[in-house]
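Structure record follows, encoded as structure tokens.
The values are calculated or read from the model by the stated rules, or taken from the named source; none is laboratory data. These numbers were taken from a predicted model, which means no experiment stands behind them. Positions of Cβ are generated from backbone atoms using ideal geometry, with glycine treated the same way; all protein chains shown enter the neighbour counts.
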Amino acid sequence: MSSSLFNQYRCSIIIVVLICKASFGQSPSGTTGNWFMCFNQTRLYNKWSIHTEAQYRSFEITPNSEQQLLRGGINYHINTSAFTSIGYAYVGNYAFDKEQLSGVQVSENRIWQQFLMRNNIGRCLFEHRYRLEQRWMQSKNNNRYLNRIRYLLRVTVPLNKKEIEKNTFFLSFYDEIFINLSATPFDRNRLYGAVGYQFLPNANIQLGYLAQTVNTTTKQYLQAAVFYNIDFRKKE
């Protein structure tokens, strides 16, 4: 095994250990939030596809809005293992409010660019995502512009089959770090672990647990996500 492949395998083991450690910790706030997410990639041509997603994030298990995110973009597929993207996202941020009467406190308009590549080591699928973000933050008393970079390393492991296809159960783990291009570089880190089921050739559902550290505070979230892809390319 080459040095680079060994390092990727070692990183995946570290991610699993850290996620397990975080999962048994207690959020400082004493509450666990939840995220509901839906992702779609619509393939139009061999080189082009469209990305869309919607996310609802709550401060608590019960509905108590923390963020609502809508993201869309265009992907250019370099080959079967790599593509680049550019897109737009809107994020509405809420203050913690039991009655949810205050509405959106900070709205964000975001332009993003990314490069994503995948490779396999045995049964394990590795995904590396590099993303740039230009962020316009607006509130009643303050407007800010921020630049941020993100790096995500994900490993997906099929359980009952050699690769992910219809009727496959799998595990998915990732670590993502966010870095501001400012005087305070560290923004946040996310550790994630999930169990997934590929119920159609082009669709799966994942149930997971995420620990997000912002500054020195870690909060935990239950997650449910649906991935559904559409392919409009003509079949040969």
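Per-structure values
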quantity	calculated
Unique residue being in contact (Cβ under 8 Å) with a residue 24 or more places away in the chain, assigned to a strand (DSSP E or B) and in contact with a Ser or Thr (Cβ under 8 Å, 6 or more places away or on another chain) when the list is GLU66, GLU60, GLU108	GLU66
Some residue of region 96-112 being closer than 25 Å to PHE173 by Cβ and touching an Asp or Glu at 6+ places or on another chain (Cβ under 9 Å)	yes
Total residues in region 70-105, condition hydroxyl-bearing (Ser, Thr, Tyr), modelled with pLDDT under 95 and in a loop (DSSP other than H, G, I, E, B)	2
